[in-house]
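Shown next, in structure tokens, is the structure this report addresses.
The values are calculated or read from the model by the stated rules, or taken from the named source; none is laboratory data. Because the structure is a prediction, the values reported are computed rather than measured. A quick note on method: Cβ atoms are made from the backbone with ideal geometry, for glycine too, and the neighbour counts reach across all protein chains shown.
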Amino acid sequence: MSGALGHAHPPAAGVGAAVPAVPGEAGADIAVRRLGRVDYEPTWQAMRAFTDARDSATADEIWLLQHPPVYTLGQAGRPEHLLRETGIALVRIDRGGQITYHGPGQLVVYLLIDLHRRHLKVRELVHQMEQAIIDCLADYGIAAERHAGAPGVYVGAAKIAALGLRVRRGCSYHGLSLNVDMDLAPFSWINPCGYEGLETIQLKDFGIADNVDAVGERLLAHLQRLLPPVATAAADQPA
């Protein structure tokens, strides 16, 4: 759908340039942005601006990135889940969920998806995001799983990936984070995702040497494989 890619609205200045998927590959109706390390708040505002400005011709986008150290607290989040003064900024945001931590060495993937156009419900998108992470970890020989009622991906009782979305006008933003090779200490200063004593782990703990960029490309391939294609006008017509 190269025509749709031409209508994609650019993100805010400084957030990065679009790298469209190769035409004909799975997920070629999604523009991919590889942003490197970017500050949290301008990136969040860019997601909001993209979602507000997009129309029916705007291509969906996936953003791959890392953030400098930051805590984010969801719209119903409770500040007491931050257990101590840390010197790390806390940003109140508009996704679901409680408190989490982002920092260098963690892969962050934001999914700016028109759910209606792909005939997706929010729960289905969350399921596909979790499955993409599970499949990605399986590539590394790691058996990961869901926990009922606790979005994210776990290895045993320990959390390795977190999810949080916001949907406006039928379109998602925010996304997921996967711990690759990072300082996990800031997770011990919070109740991660609101769960007291939840252990947090990362790919490095399993002897995985791939860096964030390499893991990002592997996870991207699984997301592109699992996301349903944009429905064509003809497919939307009654038989």
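Look at segment 217-239: where a residue is under 14 Å from His119 (Cα atoms) and among the β-branched types (Val, Ile, Thr) and a partner is modelled with pLDDT under 95 and in a loop (DSSP other than H, G, I, E, B), sitting 6+ places away or on another chain with Cβ atoms under 6 Å, you get Val230/Asp29.
When Ile190 is tested against the conditions (1) closer than 30 Å to Ala46 by Cα; (2) among the hydrophobic types (A, V, I, L, M, F, W, C); (3) out of contact with any His (no Cβ under 6 Å at 6 or more places or on another chain), the lone failure is (3). Among the residues of segment 68-78, is any among the hydrophobic types (A, V, I, L, M, F, W, C), outside any strand (DSSP E or B) and crowded, with 17+ Cβ neighbours inside 10 Å? No, that holds for no residue. Residues satisfying the criterion are present in segment 9-32 (criterion: surrounded by fewer than 17 Cβ atoms within 10 Å (Cβ to Cβ), of a type in the set (A, V, I, L, M), at pLDDT below 95 and farther than 26 Å from Ala132 by Cα). Scanning segment 223-239 for residues that are within 24 Å of Asp55 (Cβ to Cβ), modelled with pLDDT of 95 or more and assigned to a helix (DSSP H, G or I) returns Leu223, Gln224.
Here the condition is being farther than 20 Å from Gly105 by Cα, surrounded by 12 or more Cβ atoms within 10 Å (Cβ to Cβ), in contact with a strand residue (DSSP E or B) (Cβ under 7 Å, 6 or more places away or on another chain) and not charged (D, E, K, R); of Leu90, Leu83, Leu35, it holds for Leu83 alone. Residues of segment 94-149 that are surrounded by fewer than 18 Cβ atoms within 10 Å (Cβ to Cβ), in a strand (DSSP E or B) and touching a residue at least 12 places away in the same chain (Cβ under 8 Å): Arg146 alone. Would segment 49-68 turn up any residue that is at pLDDT 95 or above and hydroxyl-bearing (Ser, Thr, Tyr)? Yes, some residue in segment 49-68 is at pLDDT 95 or above and hydroxyl-bearing (Ser, Thr, Tyr). When Leu220, Leu163 are screened for being in contact with a strand residue (DSSP E or B) (Cβ under 6 Å, 6 or more places away or on another chain) and either in a helix (DSSP H, G or I) or within 23 Å of His67 (Cβ to Cβ) (or both), only Leu163 passes. In segment 150-188, of all residues being in contact with a Phe, Trp or Tyr (Cβ under 8 Å, 6 or more places away or on another chain) and under 20 Å from Glu80 (Cα atoms), the one that is surrounded by the fewest Cβ atoms within 10 Å (Cβ to Cβ) corresponds to Ala150.
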